[in-house]
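The values are calculated or read from the model by the stated rules, or taken from the named source; none is laboratory data. As the structure is a prediction and not an experimental result, all values here were calculated from the model. Areas reflect the complete protein model, heavy atoms only, side chains present, ligands, DNA and RNA absent. Shrake-Rupley method; radii C 1.70, N 1.55, O 1.52, S 1.80 Å.
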Amino acid sequence: MDIPYAEPYKIKMIEPIRLSSKEERLQWIKEAKYNLFNLRSEQVYIDLLTDSGTGSMSQNQWSQLMLGDESYAGATSYYKLKSAVNEITGFHYFLPTHQGRAAENVLFSVLVKEGDVVPGNTHFDTTKGHIEFRRALPVDCTIDEAKNTHNNHPFKGNIDIAKLKKAVAEHGVDKIPMIILTLTNNSAGGQPVSMENIKAVSEVAKENGIMLLIDGARYAENAYFIKNREAGYSEKTIAEIVKETFSYADAMTMSSKKDGYVNMGGFIAMHSQEIFEKASMFNIMYEGYITYGGMSGRDMNALAAGLYEGINYETLDARIKQVAYLGAQLDDYGIPVQHPYGGHAIFVNANEFLTHVPREEYIAQTLAIELYIEAGVRAVEIGTLLADRDPDSRENRYPAIEFVRLTIPRRTYTNNHMDVVAAALKNIFDRRETITSGYEIVKEAPILRHFTVELKKK
Ligand SMILES: *Cc1c(COP(=O)(O)O)cnc(C)c1O
């Protein structure tokens, strides 16, 4: 018999989480105006809202906190982190920031101006926000296979090279300050990008003299998929694959709250001294001096350790197999999910799940609320609420697929918790025919409405 996989760690400290009754949850979600962001964490049993900064640190990371150097300039913690970033990514220049979107803000302040066009695979919301805020245009060149949840393409995060070349020809190189590759493609379901595709994108960038930026939030998970799915990489280590990945790029932005295995942090890294010097100025204005950039010394120490843990094969293997463990159970129950399973989350296809709820009544949000009421599990809507309204017509933008994302924090929950999530969804699936109405909006913000929207039952 094959020895099953298990986590390459044991639990040393526990954080109690609170069970609740259905009656309590019905009351709480009503008080939260049917917005899961408004719930208090004590009202949630299993929290799958996001994997961003919600993971557990190791004993090594906790011990590093005690060694933090809080000097304003030139702290040992800064040099420890810089050396980890240099060694892992191969980039020489490095700027710490307080989180990923801050890295985008600093770097785009140097590179993006009004009227520019920024092609890539699906831009993450904050990346898109920082481009659009500067009156520039993000262009999504992701392959069409990503839109079909039943298609088993191994690298659904890939850029369609023909679409990319078309965007370059259409807008002209002068209007394109960079191409962005997001690893993994979060918005398409945590889907990876192949090394072949990274190479091909970098060739298009080089031929046209355009910079290639990697949004590397989940670069280690991407490397894991390359090792396991792409010909020629099975014998390479994650560290080697990561190094090769970044060798094709000119710069990277990072949300350390993901594959950095910390609760807060981010950075920018690059080859160009000129861009580094310009970005340093914005870093000082927005984040802090260049040797801390919004991070405390102890946090930089924990991140330096977390970056190494993040490229450990066994750690990645346990994480990604836990995501697949949940995905396989949902498949067994006949629940429609995005295939292949993503690196950090399972995406439930709410359109195929709740076929009787009209799209005007927020199908994915309706399912996410049902899941909370059923078992105290908090997921997140990646659907019409998130897609927002068209800026001109103010009509709802209905995405091709409404997803409920079950995002798994790193090293945090056990497979028993996954069993609870799967059973709760199965119960809802068994009675899906009886769910025929959703919600209507009572109050919403003009942009990023999903965070604060207030709803009532239809
Ligand atoms: C989370 C994330 C960001 C933004 O990072 P924050 O740390 O949340 O500011 C950018 N890109 C991707 C792909 C992300 O997942």
Average accessible surface area per residue within the chain, 1.4 Å rolling probe, Å²: 43 Å²
Cα-based equivalent ellipsoid, the range 60-310: semi-axes from gyration tensor eigenvalues, Å: 29, 22, 15
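So, with a 1.4 angstrom probe, what is the percent of accessible area on the range 60-310 that is carbon and sulfur? Spell out each step's value before the answer.
On the way: 5060 of 9620 Å².
Carbon-and-sulfur percentage of accessible area, whole number: 53.
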For the chain, convex hull volume per residue from C-alpha positions, Å³: 148 Å³
Accessible area (Å², 1.4 Å probe, nearest 10) - His92: 100 Å²
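Can you show me the helix-derived [θ] at 222 nm for the chain, built from DSSP H runs with n ≥ 4 at -39,500 (n - 2.57) apiece and divided by the number of residues, rounded to the nearest 500.
Working: 16 runs with 183 residues, N = 458.
For the chain, the value works out to -12000 deg cm²/dmol.
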Proximal lysines relative to Lys236, as straight alpha-carbon distance under 30 Å, when same-chain residues fewer than 8 apart are discounted: Lys10, Lys80, Lys82, Lys156, Lys199, Lys206, Lys227, Lys257, Lys258, Lys321
Expected-Rg normalisation [2.2 N^0.38 Å, Cα atoms] applied to the range 262-399: 1.47
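Can you give the Kirkwood hydrodynamic radius of the range 1-124 from its Cα pairs, in Å with one decimal? All intermediate terms of the calculation are to be shown ahead of the outcome.
On the way: mean 1/r = 0.0499 Å⁻¹.
Hydrodynamic radius (Kirkwood, Cα pairs) of the range 1-124 is 20.0 Å.
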